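The numbers here are math on the coordinates, done by the rules we state, and not lab data. All values derive from a computational prediction rather than experimental measurement. Quick reminder, even Gly has a Cβ in these numbers, built from the backbone with ideal geometry, and neighbours come from all protein chains shown.
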């Protein structure tokens, strides 16, 4: 079983839709949860970061972490064509892990006008 | 602006060739990482380095080696390339702390390697 599972999609939605991206994980040591966004032919870039359980909002993006269920989500409100990308969840145990991240498989999102 | 550069965007090599992938970062970061990215499998860690000449295996080190002779440069070496090493290779460096124990990684644009 993979440590981090993410539905690879692809996901295709109309402009303006609410998008929900999800990951589950099995390693209880994970404390730091991130979402990276990767545009075509580019490297991933950090989009959002949360620590432990709870919600974090940044503009149209909301990240949620439920450690009791080992489940994290990224919501995109009023999705735009410019949101079309691959979204990768990533997790870290922190401590002396040298900043190593464990990534999900990535979800390919297309927002069409 | 942090910059992570990779020596090639696209590379085609033959089975059995020795392949070098180079990565350079300009922010004096200590930790650097090599991943491969495959459809349906996401990013998988091959090797990482936490200092000059220091390295540790990641999740899939078989068939690969690395070299870090200077802080800014981290090389991935395929000793004898095989077709199952056809993939996108991404280099990253560990940047600023997001909080205690968590760090942002900065990625290069990737090298698409095809082994025929």
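Peptide B:35-46 is shielded by partner chain Cβ atoms: per residue, an average of 5 of them sit within 10 Å of its Cβ.
Calculated on the alpha-carbon coordinates, the convex hull of chain A measures out at 98 cubic angstrom per residue.
Subtracting the Cα-Cα distance of residue A:77 and residue A:18 from their residue separation scaled by 0.36 nm leaves 20.8 nm. Relative contact order of region A:1-101, taken over Cα pairs closer than 8 Å and 6 or more residues apart, is 32 percent. For chain B, the relative contact order is 35 percent, taking Cα pairs closer than 8 Å that sit 6 or more residues apart in sequence and dividing their mean separation by the residue count. Each label was represented as a point 7 Å from its Cα along the Cα-to-Cβ direction; for residue A:98 and residue B:99 these points are 2.5 nm apart.
Spatial offset of region A:51-113 relative to region B:53-116 amounts to 22 Å, using the alpha carbon center of each.
Could you list the residues of region A:8-50 with an amide nitrogen less than 19 Å from a label point located 7 Å from the Cα of residue B:3 in the Cα-to-C-beta direction? Hits in region A:8-50 for residue B:3 at 19 Å: A:42-45. Here each label is just a point 7 Å from Cα along the line to Cβ, and for residue A:68 and residue A:29 those points are 2.5 nm apart. Each label was represented as a point 7 Å from its Cα along the Cα-to-Cβ direction; for residue A:3 and residue B:28 these points are 3.0 nm apart.
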